[in-house]
Amino acid sequence: AVATMAVVPSSIEVSWKDIGGLDKEIQTLRETIIMPIINSEIFSNSKLLSFPKAYCLGVLLSGPPGCGKTMMAKAIAKESGCIFINVDISVLHDMYVGESPKYVAAVFSLAEKLSCYSPVILFIDEIDILLGQRTQRDHEASQQIKSVFMTNWDGLISSKDSRIVVMGATNLPEVLDAAVYRRLPVRFNLKLPNKTARLHILQVLLKEEDLDSDIDFLQLSLATDGMSGSDIKEYCSQSCMVRYIEIFREQSAADSATFPTASSSSEGKGPALPD
Ligand code: ATP
């Protein structure tokens, strides 16, 4: 099971410059998470700044799908030199009873081992699925997963020199178990981008494309009203694809005019060329 978990120690492709429209959030994340991780000695020498206990803290990124939660988590890991462990909870569904608690324990054990080398971000996307409110109807198996998770997590929190940040992402923060919510005290609610944010996202996404010089970004930001960052990316890819197809067709037409193919020559079925 551990083999299916994505562990991305050094090859994170995302950095701040790839994220548009979230400048304020990035600034706060820099100050509250990255700065303490990078300057841990300042915090460990101060009694008043007991936060973040070593730098084991919990962060919750919430917001609608596609608004950049995963991107932010990866960029934080990259900027702070953390090892990024992406906990894929979808694999839990396919496991036999009794295997999933072992998987959870293995994730924590791996994080602890790796944290000897660098601080670790344990990223759990859709944390509400794993750690939503406990209900009467919970299967025994999912109660067991939650309890193993909480025990391991509390072990980290109580350990004096843990260097692990648990970072959860969810579209449904209200569904989280209250105990889990308390353990994720640094919270960011990312929203759908407004007009200015969409403009910045468009500029970031299109910065390396070969665009017409008269492209109107303001107009594009209006046309993408109501879209998430991910929707805007899709919109841009499709528009670029349409443009490339047009260019391709124009070039093909120009080429076949210069070098008539069999079908366009007088020997083929195409229109007869004048003598
Ligand atoms: P989900 O809730 O579905 O997991 P998410 O909030 O984690 O979504 P991401 O996976 O971070 O969203 O975003 C998906 C893709 O959308 C990114 O890989 C990126 O290409 C694009 N994207 C989203 N937000 C932004 C943004 N603010 N700036 C630039 N690109 C963005």
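For the residue pairs LYS102/LYS233; LYS24/LYS207; LYS146/LYS191; LYS17/LYS102, the C-alpha atoms sit more than 31 angstrom apart in LYS102/LYS233; LYS17/LYS102. Where a ≥ b ≥ c are the square roots of the eigenvalues of the C-alpha gyration tensor, would you call segment 178-232 rounded, which needs a/c under 1.5, or, failing that, prolate if a/b is larger than b/c, or oblate? Prolate, since a/c reaches 1.5 and a/b exceeds b/c. How big is the Cα convex hull of segment 132-254 in projection, averaged over all directions, in nm²? Mean orientational projected area (segment 132-254, Cα hull): 13.1 nm². Take every pair of alpha-carbon atoms less than 8 Å apart whose residues are at least six positions apart; their mean separation over the length of segment 78-121 yields a relative contact order of 70 percent. A crude spin-label estimate for the pair ARG243 and GLU13, with each label 7 Å from Cα along the Cβ direction, gives 2.0 nm. Summary value for segment 140-236: 26 percent relative contact order, contacts being C-alpha pairs under 8 angstrom separated by 6+ residues. Extension gain, GLU208 to ALA105, is 32.8 nm, computed as 0.36 nm per intervening residue step minus the present C-alpha separation. Amide H contacts of ASP88: ALA6, each under 5 Å away and 5 or more positions distant or on a separate chain (H built 1.01 Å from N in the peptide plane; Pro and chain starts excluded). Per-peptide packing, taken as the mean over residues of other Cβ atoms within 10 Å, places 119-130, 31-42 in the sequence 119-130, 31-42 from highest down. Overall shape of segment 93-132 was characterised from the C-alpha gyration tensor. The equivalent ellipsoid obtained from it has semi-axes of 22, 14, 6 Å, in decreasing order.
Here LYS113 is the anchor, and the aspartates and glutamates within straight C-alpha reach of less than 15 Å, apart from those fewer than 8 places off in the same chain, are ASP161. Each peptide among 88-96, 145-153, 250-258 gets the average number of other Cβ atoms lying within 10 Å of its residues, and from highest to lowest they stand as 145-153, 88-96, 250-258.
Taken together, the values in this text are just the output of simple stated rules run on the coordinates, not laboratory data. Not measured: the values here are computed from a predicted model. So basically every Cβ, Gly included, is an ideal-geometry build from the backbone, and we count neighbours across all protein chains shown.
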